[in-house]
Protein chains: 2
Amino acid sequence: MADNTQILLAEKPTGKLAESHFEARQAPVPEPADGQVLVRSVLLSLDAANRAWMQGPTYKSAVNPGDVMHGYAIGEVVESRSPDWSPGDVVAGEVGWQEYAALDARTLHRCSDHRPLSHLHSLLGIAGKTAYHGLLNVPGLEAGETLVVSAAGGSVGSIVGQIGKIRGARVIGIAGGPEKCAWIVDDLGFDACIDYKNEDVSAKLAEHCPGGIDVYFDNVGGPILQSALFAMKQGGRISCCGAVSQYDGGAPASPVGIPGLLVVKRIRMEGFIVMDFADRDADAERDLSQWAKSGQLKVVEDILDGLENAPRGLIGLLAGENRGKRMIRVGPDPA
Amino acid sequence: MADNTQILLAEKPTGKLAESHFEARQAPVPEPADGQVLVRSVLLSLDAANRAWMQGPTYKSAVNPGDVMHGYAIGEVVESRSPDWSPGDVVAGEVGWQEYAALDARTLHRCSDHRPLSHLHSLLGIAGKTAYHGLLNVPGLEAGETLVVSAAGGSVGSIVGQIGKIRGARVIGIAGGPEKCAWIVDDLGFDACIDYKNEDVSAKLAEHCPGGIDVYFDNVGGPILQSALFAMKQGGRISCCGAVSQYDGGAPASPVGIPGLLVVKRIRMEGFIVMDFADRDADAERDLSQWAKSGQLKVVEDILDGLENAPRGLIGLLAGENRGKRMIRVGPDPA
């Protein structure tokens, strides 16, 4: 059987992630044990959280040097030693950064018939569900409210802002670079977008949100969270989705004014993980599909070809170069 | 008419508050203008928030050097130029640190017939309502949950913990000194109390809350909030009531791990101000009165005699020397 290309975490990064922290190797294609399934990877998801996994345990165990890099992928069953799966089944699971993985049958999820498959990572995948649940089931959003979202051009932020518009909110994005900001306004329909690399975020928030922010969807933490905290309206809500500014060697500085600002402004700050809302995933899939079908929501994907591009793809994602959901095409779609 | 003793903020404190920051003076008893009422102060409330007011505007305007120190008091109407009030009426309002004040009639609240009057500052006043709303209407509390409360011997904390016990929670206090901690367990009925001045708060939280904290009621901010954040259970809730550790020259250090810890542990942190729940004050008054009457809730008061003791009373309160609600008796009860 063909060789299995794998990418390992060679060294634990302490500062910025670099290609030298990874190492590719060829290994034999594994033999599934009883109760296992051999999966061929098709589309590998790249996520800012991948970097956080290298720092230590989060909502899952840490990735350690010498491990095949962890990653969530869509793939095809090529051999099954479980009565639950057959060759040709399309599944999603913790395949890691490799072409083939032998996985416990119970850890796999069956993919729907939806095509293109890439939507199962973007619109209907973790990105879409994180945006949907993290906005509508954590802080909630009413028509007429002012929503601010950071990493607004990313996989989650691009959907959060569009849901905000669908729900009748004023939506202000925060993203890096004038071209990306223009795209967010012109193509995604946000009311405005602040270029944090070239503009004073606090001054621009004051300009675009003269009555204060009702809901801030935070993907980044750090100084942008700080600016948003000061710009919140009394009684405002913050959905804490991630802290990408702090994953890749950024100083893990907390915002000042915690808890004083929360008290004086009666702010609610709440963290969430998308899996907590699995019982409401059917709602998310129904609404997101319908919005995409009607053209109200644009699905933005950024697909790189070839597993060998995963390290530079992740490094670029952490630097904010992607637009929408970034993934790696590891192999062809199932026939 | 008799002289009016006033205590002014003489100088804005930058570090720890000291008696030298205040100045007493005699002024004429003011003449109420049309629409005003002359109030004689009876019981002046001392609160940690008094110190925060000196730092700048909060939920009210700042106290500035040269101002009569701000303060909320219960008093008696001695002269009225408003049709709404008559001499002998018992009122509460922003009297400040002085014996007499001429106040706009519309800013006064009519006091109930409840006696002793001191209960209108403690059990049925801002302290009791802050405890009630800030626990039951912000994070909520279910029987069997683990509640941790800081400043557990203070005006608010002593009531929060007792409500927690009434609601069937396990209640762990945090307070300063072995005698106070013993009193909190033996007299107030908490399950345990951690002495933050002599014990390792993180280690003790791990010992007393092996399954993690469901609800943390935070009166202090700073390092104790930090320890609690790390000890929270997944999905835990934090009610942000105040940050007394930071009012009196403490470093305004935010806890580390914001927002990362909130995400990974799915924590909700929410600030509140008691006035936001005015529409539910009747519930609070009914329940608190009933609990006190049945003996389930002990009312703890710490009353100092004489307006001249207000500065040292507030300084001592900020150092944690009070047990329960501290107030100053400025003058005799109305006949």
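The values are calculated or read from the model by the stated rules, or taken from the named source; none is laboratory data. Keep in mind the model is a prediction, meaning the values are calculated, not measured. All Cβ positions, even for glycine, are placed from backbone atoms using ideal geometry, and neighbour counts span all protein chains on display.
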Name the residues in region B:132-165 that are under 17 Å from residue B:209 (Cβ atoms) and β-branched (Val, Ile, Thr), would you? B:146, B:148, B:149, B:160
Go through region A:175-196 and give me each residue that's in a helix (DSSP H, G or I) and within 19 Å of residue A:227 (Cα to Cα). A:181
Flag if residue B:158 is in contact with an Asp or Glu (Cβ under 8 Å, 6 or more places away or on another chain) and closer than 18 Å to residue B:325 by Cβ: no
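For every residue, the table says whether it meets (1) closer than 23 Å to residue B:102 by Cβ; (2) touching a strand residue (DSSP E or B) at 6+ places or on another chain (Cβ under 8 Å).
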| site | (1), (2) |
| --- | --- |
| B:21 | no, yes |
| B:29 | yes, yes |
| B:36 | yes, yes |
| B:50 | yes, no |
| B:54 | no, yes |
| B:60 | yes, no |
| B:65 | yes, yes |
Of all residues in region A:55-87, which are closer than 13 Å to residue A:9 by Cα, out of contact with any His (no Cβ under 6 Å at 6 or more places or on another chain), in contact (Cβ under 8 Å) with a residue 24 or more places away in the chain and assigned to a loop (DSSP other than H, G, I, E, B)? A:55, A:64, A:65, A:66, A:67, A:69, A:70, A:71
When residue A:199 is run through (1) assigned to a helix (DSSP H, G or I); (2) at pLDDT 95 or above, the failure sits at (1)
Only one of B:91, B:171 is crowded, with 24+ Cβ neighbours inside 10 Å and either aromatic (Phe, Trp, Tyr) or outside any helix (DSSP H, G or I) (or both), namely B:171
Answer yes or no as to whether residue B:26 is among the polar types (S, T, N, Q) and surrounded by 13 or more Cβ atoms within 10 Å (Cβ to Cβ). no
So how many residues does region A:94-120 have that are charged (D, E, K, R) and surrounded by 18 or more Cβ atoms within 10 Å (Cβ to Cβ)? 1
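Collect the residues in region B:142-161 that are farther than 15 Å from residue B:228 by Cβ and surrounded by fewer than 23 Cβ atoms within 10 Å (Cβ to Cβ), keeping them in residue-number order.
Across region B:142-161, the qualifying residues are B:142, B:143, B:144.
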Can you pull out every residue in region A:7-50 that is among the small types (Gly, Ala, Ser) and part of a loop (DSSP other than H, G, I, E, B)? A:10, A:15, A:18, A:33, A:35, A:48
From the set of residues in region B:256-306 that are touching a Phe, Trp or Tyr at 6+ places or on another chain (Cβ under 8 Å) and among the hydrophobic types (A, V, I, L, M, F, W, C), which is surrounded by the fewest Cβ atoms within 10 Å (Cβ to Cβ)? B:275
Among the strands (runs of 3 or more DSSP E) lying completely within region B:210-325, list those that include at least 2 residues that are more than 14 Å from every other protein chain (Cβ to nearest Cβ) and touching a residue at least 12 places away in the same chain (Cβ under 8 Å). B:213-218, B:301-305
